[in-house]
Structures are given as structure tokens and as C-alpha cells.
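Please treat every number below as a calculation from the coordinates, not as lab data. Because the structure is a prediction, the values reported are computed rather than measured. Positions of Cβ are generated from backbone atoms using ideal geometry, with glycine treated the same way; all protein chains shown enter the neighbour counts.
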Amino acid sequence: MKSIVSYQERGLGGNSNYRGNCSPKLIKDLISHYSINEISDYMCGSNTTADVSRELSIKSNTYDLNMGFDLINDEIKERNEFVFWHPPYWDIIKYSGNM
């Protein structure tokens, strides 16, 4: 398996101790490329998306199962144009006791 992006260094943001945690550089590149002002992440894990958003001074709406948000059963309040979604390895790693 290969990735479509590769960064020499991961960058700062989120918690890289979680296996499969996304590089903040990817989120920065997407925000820059699409010139967005607001981003949502409904499986934000260690909250890399919020860290990048604060750094770039854009609004973020971030939720996660570990925060008590259940994407299947809970209502999504906002409807902004850009959603970053990096689902966990649900069938490989148990991330939360909230499942």
C-alpha cells in the first residue's frame, strides 16, 4: 500500500503516539489548496485538525468518539463546505471504551 502524500517530518499538531495519526502538514496543504475558512472533522482523534485550524486562524468543528460524539447516532450541527475525514482502523485497533 502506498500513500499519495509523504512528508520528511510529521510536523507539529495532534498526538503522533496514535497509530495512523494524520500529519498536520496534510491538513495544512488541503486548507491552503482549497482556500477554506472553516473545517469539520467528525473523527478527530487527537485533534490535529483543531491544532492546525488554530495555527491558521480558521474555524474548526471537531468531534470524536473519545469526546462522547457518535457519528452514527449523534446529530451534526454545522453544515460547512469542507470536511476532513480520516476514519480510524476500526477493525484493527480499539481506540475507545466508548464504543
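Taking only the Cα atoms of the range 23-62, the radius of gyration and Dmax are 8.9, 24 Å. Taking GluC sites (Glu not before Pro) across the range 1-83, the ones in a DSSP loop with at most 14 further Cβ atoms lying within 10 angstrom of their Cβ are 9, 75, 78, 81. Evaluated at q = 0.23 Å⁻¹, a Debye calculation over the C-alpha positions of the range 14-82 (equal weights, vacuum) places log10 I(q)/I(0) at -1.05. In this structure the amide hydrogen of residue 61, modeled in the peptide plane, comes within under 5 Å of the amide hydrogens of 39, 40, 41, none closer than 5 places in sequence on its chain. Electrostatic bookkeeping for residue 84 treats Lys and Arg as +1 and Asp and Glu as -1; over the other residues with beta carbon under 14 Å from its beta carbon, the sum is -4.
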